[in-house]
Amino acid sequence: MFIDSHAHLCDDTLWENVNPILERARLAQVETVVVICTNGKELQRALTLGLPIVAGTTPHEAHTLGDAEFPIFEEAARGGK
């Protein structure tokens, strides 16, 4: 069993190809993919995939994104997503 523990599948550069990427992972016997989200847009996309998610902003962006993004992350976490 393989697990991809750090996949930025929901950023703009990969999102349009997320289904073929996940299919290739499945064919390579990757059982679980953990999706990493660093903003609310990526989190909303990730919630549609039904995969485990880790969400938060990076330390160097916390001062600019924190106030806007943290409530989105908190809402998803409180909702059990």
Pull out all pairs, ordered by first then second residue, where Cβ-Cβ is under 6 Å, the residues are six or more apart or on different chains, the first lies in segment 25-51 and is in a loop (DSSP other than H, G, I, E, B), and the second is among the basic types (Lys, Arg). Leu47/Lys81
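A quick yes/no check of all residues on (1) in contact with a strand residue (DSSP E or B) (Cβ under 8 Å, 6 or more places away or on another chain); (2) closer than 18 Å to Phe2 by Cβ; (3) surrounded by fewer than 18 Cβ atoms within 10 Å (Cβ to Cβ); (4) at pLDDT 95 or above:
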| residue | (1), (2), (3), (4) |
| --- | --- |
| Ala28 | yes, yes, yes, yes |
| Val35 | yes, yes, no, yes |
| Lys41 | no, no, yes, no |
| Leu49 | yes, yes, yes, yes |
| Ala55 | yes, no, no, no |
| Pro59 | no, no, yes, no |
| His63 | no, no, yes, no |
For segment 1-24, enumerate the residues that are in contact (Cβ under 8 Å) with a residue 24 or more places away in the chain and not aliphatic (A, V, I, L, M). Phe2, Asp4, Ser5, His6, His8, Cys10, Asp11, Trp15
Pull up segment 9-21, narrow it to residues that are more than 13 Å from the chain's Cα centre (by Cα) and of a type outside the set (Val, Ile, Thr), then point me to the one that is most open to solvent (accessible area, probe 1.4 Å). Glu16
Residue under evaluation Glu75, criteria (1) open to solvent by 60 Å² or more (accessible area, probe 1.4 Å); (2) in a helix (DSSP H, G or I); (3) closer than 26 Å to Glu31 by Cα, criterion not met: (3)
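The values are calculated or read from the model by the stated rules, or taken from the named source; none is laboratory data. Since the structure is predicted, the reported quantities are computational estimates derived from the model, not experimental observations. Reconstructed Cβ throughout: ideal geometry from the backbone, glycine too, with neighbour counts over all protein chains shown. Note: areas computed on protein heavy atoms with side chains; ligands, DNA, RNA excluded. Shrake-Rupley method; radii C 1.70, N 1.55, O 1.52, S 1.80 Å.
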